[in-house]
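Each reported figure results from applying straightforward, stated rules to the coordinates on display, with no laboratory input. Just so it is clear, the structure is predicted and the values come from calculations on it, not from any experiment. When we count neighbours, we look across all protein chains shown, and the Cβ atoms used for this are built from the backbone with ideal geometry, even at glycine.
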Amino acid sequence: MITKPKGTYDILGKDAVINGYYNDICESYAKLYNFNYVRTPIFESSDLYHRSVGETSDIVTKETYDFKDRSERNMTLRPEGTAGVVRCLIENKLYGNRNDAIKLYYNGTMYRYERPQAGRNREFTQFGIEMFNSNDPLSDAEVISIGYNILQELGIESLVVNINSLGDKESRQNYTKALVDYLTPRINELCEDCQKRLKTNPLRILDCKYDQNNEILKNVPKMTDYLNEESQKRFKEVLNNLDVLEVDYVVNPNIVRGLDYYDHTVFEFILEDKGITLGAGGRYNSLVKELGGPEIPAVGFAFGNERIINELKEHSVFSELPEDYQGNVDVYIMSVSDEEKLNALKISQNLRLNGISCEINSNNLSMKSQFKIADKLNAKQLIILNSEDLQKGLINIKDNATKEEQKIDEDEVVEYLVGIL
Ligand code: HAM
């Protein structure tokens, strides 16, 4: 038997239902906020990720799925959605002659070669939104609120937005210097990865999972103390806007994010009771230019869909669904003989084209088995065909709850069912 690759999974049964429900809500919110759907390729030129996510980031150094295509081009399976959307924006010149915001959303698979564990897979999906062409702190708040409101609508409890500001380039350089000065004499007391990061990407030391409880990291200089006046003003405005939108947030100076393209606002949607990050994002005002486009500010986030779907499993709406859920139908059409089967096929087409979901006996099952399956599918009405009634142009319909039976003229079946369903 061939099994699925490590770190991948199948979505089926109950999970598939929750997945559909979740996707529908994300999509409906994207539309409420006037975001438009965009789909970009699952693989892109490797350079795209090196230049955006960052040469020294964990994603690029350890986690990308890289391959050479048959013409020896270096390709990478997308580890995240932002870089591809920015490439698409530039390549299609979406910004041409526009002074309004460009609002895009996506929902698709991403690939990272990580050590698989709960909530961390090698193939996973992200719903993400990216808003270009607005540097207004109002946009940061709007983007954060869409994620927050989706999670509220889904009934995710104990959600807190953790937010921080990395400031502009000048603030970040000043802070990085202060951080390196503070850490250099103490670096041998931190993990090996942090020792490397001191040279390559010192800010990432702040969110080191291994050293997070180390006193050295608890006493680092505070990033917000190094924001220049403009960056401070901006951050304050973002927080004010979040207050207006009644988003529950905490300022967390340790949020630095694992991708290199951020400046100013960075945030994570965190399940407080479990410490799980359901999604994350931030502002990235220089990325469009770095990838060869004009100077266009941007802000966005992405959800880790599976992490959210996993939380929804405990949700009351889905707790009743069996793990091996195989669907629900309005009507089950029962047939045994060949003549009945032909009639079942014809009636099923008629019902389906009139918006009534139904299932037929497609496996020569006995009546007993068909009753069982009808119950499993929660069929509300049963059409029980028999040759005698069919010859008279009558259809026998049984209410599966009350067990009452009616004989209905075959031309009136749809009307009758529409009336009672
Ligand atoms: P990220 O923090 O790398 O950001 O990923 C966003 C979310 O994807 C995470 O918070 C997590 O829920 C989920 N995630 C990441 N890796 C995995 C994995 N291996 N398995 C399951 N879930 C995972 C980004 O990807 C940015 N592109 C977000 C963004 C959009 N920033 C601006 N716009």
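Here is how the numbers come out for the structure above:
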{"item": "Selected residue (only one of ALA379, ALA344 is surrounded by 12 or more Cβ atoms within 10 Å (Cβ to Cβ), touching a Phe, Trp or Tyr at 6+ places or on another chain (Cβ under 7 Å) and not β-branched (Val, Ile, Thr))", "result": "ALA379"}
{"item": "2 or more residues closer than 23 Å to SER57 by Cβ and under 18 Å from the mean Cα position of the chain (by Cα): qualifying helices (runs of 4 or more DSSP H) within segment 137-206", "result": "137-153"}
{"item": "Filtered residue count, segment 115-134, keeping only those that are assigned to a strand (DSSP E or B), near the ligand (Cβ under 7 Å from one of its atoms) and over 11 Å from THR8 (Cα atoms)", "result": "3"}
{"item": "Filtered residue count, segment 1-49, keeping only those that are of a type in the set (Asp, Glu), free of Cβ contacts under 8 Å to residues at least 12 places away in the same chain and assigned to a helix (DSSP H, G or I)", "result": "1"}
{"item": "Pair list, Cβ under 6 Å, 6 or more apart: segment 373-389 residue more than 17 Å from LYS341 (Cα to Cα), other residue of a type in the set (Asp, Glu) and in a loop (DSSP other than H, G, I, E, B)", "result": "LYS380/ASP330"}
{"item": "ILE129 being surrounded by 22 or more Cβ atoms within 10 Å (Cβ to Cβ) and touching a Phe, Trp or Tyr at 6+ places or on another chain (Cβ under 6 Å)", "result": "yes"}
